[in-house]
Protein chains: 2
Amino acid sequence: MSGFRHVVLFRWAEGTTTLQQEEVAARLSELPAKIPQIRSYSLGVNAKVNPGGYDFAVVADFDDREGYLAYRDHPDHRAVVEEVITPLVADRAAVQYEL
Amino acid sequence: MSGFRHVVLFRWAEGTTTLQQEEVAARLSELPAKIPQIRSYSLGVNAKVNPGGYDFAVVADFDDREGYLAYRDHPDHRAVVEEVITPLVADRAAVQYEL
């Protein structure tokens, strides 16, 4: 499977409510309909199988690096990041790689 | 798509060589042949599209939570973690979630 993958994990700040976390997931899940470069888009809340994990994962696939960059810089994506994600984030870890 | 996903990102310690990083990828890539519960297994070196990213990603899918746990606790997986990954890790971020 060729393509380009973006993986980001978030740990939410102390006191972040379930409602706030659900809003992040809801706003992100609107993006595939708005950003055609997204080939697959998987969101996940930590199942707490292991201690010390992060809270939330996004795994997004694109046809190529340019598709990811279009997503990264897309105004609708930027809005979700700035309006609902950045205010809640304690830690963020990300990798983008060629599939 | 139902199933259970394990996502882990690593940032390697200062001074970790490319050879050491390649050994991690090589040892991990042997696991699907040894652990039948692995349904899909994607390894990726950060393409350095953005500053400050982690270095390496593993995205592994299983039919269910039990499949992931079998992988997590499998002696061949434990050996790779203990012998080649743990000695090199500066930071680790992980989430497991229901697909």
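Every number here is computed from the coordinates shown, using simple stated rules; none is lab data. Predicted model only: the values in this text are computed from it and were never measured. Please note: Cβ atoms are built from the backbone with ideal geometry, for glycine as well, and neighbour counts cover all protein chains shown.
Using only side-chain charges placed at the Cβ, +1 for Lys and Arg and -1 for Asp and Glu, the dipole size of the range A:4-98 relative to its Cα centre rounds to 160 debye.
May I ask you to list the lysines whose Cα is less than 22 Å away from that of B:Lys34, ignoring any residue fewer than eight positions away on the same chain? Within the straight-line limit of under 22 Å, B:Lys34 reaches no lysines at all. Working note: Debye formula, equal point scatterers on the alpha-carbon atoms of chain B, no solvent; log10 I(q)/I(0) at q = 0.10, 0.16, 0.23 Å⁻¹ is -0.26, -0.67, -1.29. Using DSSP to define loop residues, name the trypsin sites (Lys or Arg not before Pro) in the range B:1-72 whose beta-carbon has at most 16 other beta-carbon atoms within 10 Å. Sparse-neighbourhood loop trypsin sites (Lys or Arg not before Pro): B:Lys48. The GluC sites (Glu not before Pro) of the range B:6-85 meeting both criteria, a DSSP state outside H, G, I, E and B (loop) and at most 14 other C-beta atoms within 10 angstrom of the site's C-beta, are B:Glu14, B:Glu30.
For the pair the range B:34-77 and the range A:1-62, the centres of their Cα atoms are 16 angstrom apart. Whole-Hz Karplus values for the range B:21-33 come out as 5, 5, 5, 4, 4, 5, 5, 5, 5, 7, 5, x, 6 Hz, taken residue by residue from phi with 6.51 cos²θ - 1.76 cosθ + 1.60 and θ = phi - 60°; glycine and proline positions read x.
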